[in-house]
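Undergrad: Can you keep this structure in mind? I'll have questions shortly.
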Amino acid sequence: MTDTPSTRPEIRVRIAPSPTGPLHIGTARTALFNFLFARHLGGTFVLRLEDTDVARSSLAYEKDILDGLHWLGLTWDEGPGVAGEAARGPYGPYRQMERLPRYAEATERLLAADAAYPCYCTPEELDAERKRLEAAKLPPRYSGRCARLTPGERAAFEAEGRTPAIRFRIGEGVVAFDDIVRGHVEIDVANIGGDFVIVRADGTPLYHFTVVVDDAAMRISHVIRGEDHLSNTPKHILLFRALGQPEPRFAHLPLILNPDRSKMSKRKSQTAIDDYIAQGFVREGLVNYLALLGWATGTEEEVLGLDELVARFELEAVHKGGAVFDRERLEWLNGQWIRRLSPDELVDRLRSFLVADAAAGRIDRIPSDDEIATLVPMVQERLPVLGAIGDLVGFLFVDRLVVDPAILVPKRWDAPTAREGLLAARTTIAAVPPVVFEADELEPPLRALAETRGWKVGDLFMTIRVAVTGRTATPPLFDTIVALGRERTLERLDAAVAALEAAP
């Protein structure tokens, strides 16, 4: 029988980042898939901060993560208080460091049931054990030396001043579950490293423990996370069972891979969402691309807004194989979304990038909104990212353009020919009256000039382009000249001729 809204179990999913670094592109993709799944089925999307790694966690990283998720448009239904606002939701608090009493209570329950035990092994003893296994070419595994201590043996260790960690008993057998993405999975508990620590000797609860306690308390129905957590799932299922809690459904998403199919990491790739924002990727383009990293619509359509993604998303359609991160495809999709922006919205989004260019000294002044608006027809079809605006038209806002004489000379020309071409072009452009200084008035006489002199049109246009912009690649030449203006164009042609004459 197909579930109807009235009979379907409540859908509750979560994203639980650790504020130990900036928002990672993999975390953003996982958050997006959780968001799409919840919104598609009318469920609840929960944000929980896993901040028990006190040494590495910071408020700056927390802010980066929350700001990044907001920027992407991934609003949560329940989560911690932010910027003075109260936490939202009935299962708070939503920061793990505020939930320590709950972990302590769960620990006592496991100890009372003998599902966990105190472990007095010192770091040195554990290291020696690990080295023995390495020497024997065996995988790491706790020996269980503290699993059956008598009360007297425990007392003796404590008399030595040893403070115990708490380990969870894994038992024996096979843990099986049906993963929504990967299908039926079976893992023998003999392969998960032996009884594992759930609370450090200093009292700090560890990830495998806290995530289960919290998922159970917050009634998470589906755990949607990266494939790298697949091997952790048996530990989590065993903990759910020991705590007497129902197990959620699991869905392990494919890893995001570098083009060489290695796991995406900050050593090889740009992984922080904030870096993509800084380069001028628009939220619509980045969300669209992340949604297609490991999932497909089943159609040829690729350019999809968030509402369309919500309507179409099916967790069962997520791929098993790794998702290769393709920067060129991302820029293509991003460009498609830039083309869809209204002129006013594009001006609004470009402004901060031109301000940044001015602050960095790449341009000499910040153009007005009206000036930016006049450039929209020239640049909108050519921007892969908003941050490319300076490369496209920054020359318009430079007071003194310095041009390398070497690039003023096309390959088929020599310096005297380039000088002659620029002088002739200057005369031709100067003959166009200011009142009709438009692209369609400039192009015909300059083409006629090239034909009359026997020059290749491309050579003449290239030397003019370099002279007035300092670059070999720009928006259409005649639109560029019009945007620059008649007087500044003539001044730059004069300066280029002077540079050629002064060159050795």
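Every number in this text was worked out from the coordinates using simple rules, so none of it is lab data. No experiment lies behind these values; they were computed from the predicted model shown. Because the Cβ atoms are built from the backbone with ideal geometry, glycine has one as well, and the counts that use them run over all protein chains shown.
Undergrad: At what distance in nm do the modelled label points of Glu451 and Ala55 sit from each other, each positioned 7 Å from its Cα along Cα→Cβ?
TA: 7.7 nm
Undergrad: Shifting gears a bit: Pull out the extension gain between Ile407 and Ala104, defined as 0.36 nm times the separation in residues minus the alpha carbon to alpha carbon distance; nm, one decimal.
TA: 102.0 nm
Undergrad: Please identify the trypsin sites (Lys or Arg not before Pro) of segment 367-413 that satisfy two criteria: DSSP loop assignment and at most 15 other Cβ atoms within 10 Å. Which are they?
TA: Arg400, Lys411, Arg412
Undergrad: Using +1 on the beta carbon of Lys and Arg, -1 on that of Asp and Glu, and nothing else charged, what's the dipole of segment 1-113 about the Cα centre, debye to 20?
TA: With Lys and Arg at +1 and Asp and Glu at -1, about 200 debye.
Undergrad: What does the extension gain come out to for Glu381 and Arg329, with contour length at 0.36 nm per residue minus their alpha carbon separation?
TA: 17.1 nm
Undergrad: Taking the Cα centre of the chain as the origin and placing charges on Cβ (Lys, Arg +1; Asp, Glu -1), which of Ala113, Pro405, Leu442 is farthest toward the positive end of the dipole?
TA: About the Cα centre, the residue reaching furthest to the positive side is Ala113.
Undergrad: Return the sequence-ordered ³J(HN,Hα) values of segment 112-121 in whole Hz as given by the Karplus equation 6.51 cos²θ - 1.76 cosθ + 1.60 applied to θ = phi - 60°, using x for Gly and Pro.
TA: Listing the rounded values in order: 5, 8, 6, 8, 9, 8, x, 10, 9, 4 Hz.
Undergrad: Are there GluC sites (Glu not before Pro) in segment 397-504 that DSSP puts in a loop and that have at most 14 other Cβ atoms within 10 Å, and which ones?
TA: Answer by residue number: Glu438.
Undergrad: If you place +1 on the Cβ of every Lys and Arg, -1 on the Cβ of every Asp and Glu, and leave all else neutral, what size is the dipole of segment 277-400 about its Cα centre, to the nearest 20 Debye?
TA: 360 debye
Undergrad: Once the dipole of segment 1-95 is set up with Lys and Arg at +1 and Asp and Glu at -1 on Cβ about the Cα centre, which of Thr44, Val54, Ile11 lies farthest towards its positive end?
TA: Positive-most Cα among the choices belongs to Ile11.
Undergrad: Assuming R0 = 22 Å, can you tell me the calculated FRET efficiency for the pair Ala317 and Glu186, based on Cβ-Cβ distance, to the nearest 0.05?
TA: Computed FRET efficiency for Ala317 and Glu186 comes out at 0.40.
Undergrad: Oh, and also: Be a star and scan segment 243-285 for residues whose amide nitrogen sits under 19 Å from the point 7 Å along the Cα-to-Cβ vector of Lys63.
TA: 272-278
Undergrad: Quick one: check the C-alpha center-to-center distance for segment 322-373 versus segment 177-249, whole angstrom.
TA: Going from one Cα centre to the other spans 43 Å.
Undergrad: Which loop trypsin sites (Lys or Arg not before Pro) in segment 24-78, with loop taken from DSSP, have no more than 16 other Cβ atoms within 10 angstrom of their Cβ?
TA: Hits after loop and neighbour filter: Arg56.
Undergrad: Only helical DSSP H runs with n ≥ 4 go in: add -39500 (n - 2.57) per run for the chain, normalise by residue count and round the 222 nm mean residue ellipticity to 500 deg cm²/dmol.
TA: -14000 deg cm²/dmol
Undergrad: Of the cross-linked pairs Lys63/Lys131; Lys63/Lys268; Lys268/Lys411; Lys131/Lys235, which ones have a Cα-Cα span greater than 30 Å in the structure shown?
TA: Where the Cα-Cα span goes over 30 Å, the pairs concerned are Lys63/Lys131; Lys268/Lys411.
Undergrad: Sticking with this one: Hey, rough spin-label estimate for Ala176 and Arg141, points 7 angstrom out along Cα→Cβ, what's it come to in nanometres?
TA: Rounded to a tenth, the inter-label distance reads 2.2 nm.
Undergrad: If you don't mind, another one. What does the extension gain come out to for Ser352 and Asp364, with contour length at 0.36 nm per residue minus their alpha carbon separation?
TA: The Ser352-Asp364 span can extend by a further 2.8 nm.
Undergrad: Evaluate the distance, in nm, between pseudo-label points positioned 7 Å from the Cα of Val435 and of Ala278 along their respective Cα→Cβ axes.
TA: So the label points at Val435 and Ala278 sit 5.2 nm apart.
Undergrad: Could you sort 87-98, 182-193, 230-241 so that the peptide with the highest average Cβ count within 10 Å comes first and the rest follow in order?
TA: Highest to lowest by the protection proxy: 230-241, 87-98, 182-193.
Undergrad: What is the angle, in °, between the Cα long axis of helix 486-502 and the longest principal axis of the Cα atoms in the chain? Nearest 10 is fine, range 0 to 90.
TA: 90 degrees
Undergrad: Specify the angular offset, from 0 to 90 degrees and rounded to the nearest 10, of the alpha carbon long axis of helix 369-379 from the longest principal axis of the alpha carbons in the chain.
TA: 90 degrees
Undergrad: Of the labelled options (1) 27.6; (2) 24.5; (3) 25.2, which one gives Kirkwood radius over Cα pairs in Å as computed for this structure?
TA: Answer label, from the structure shown: (1).
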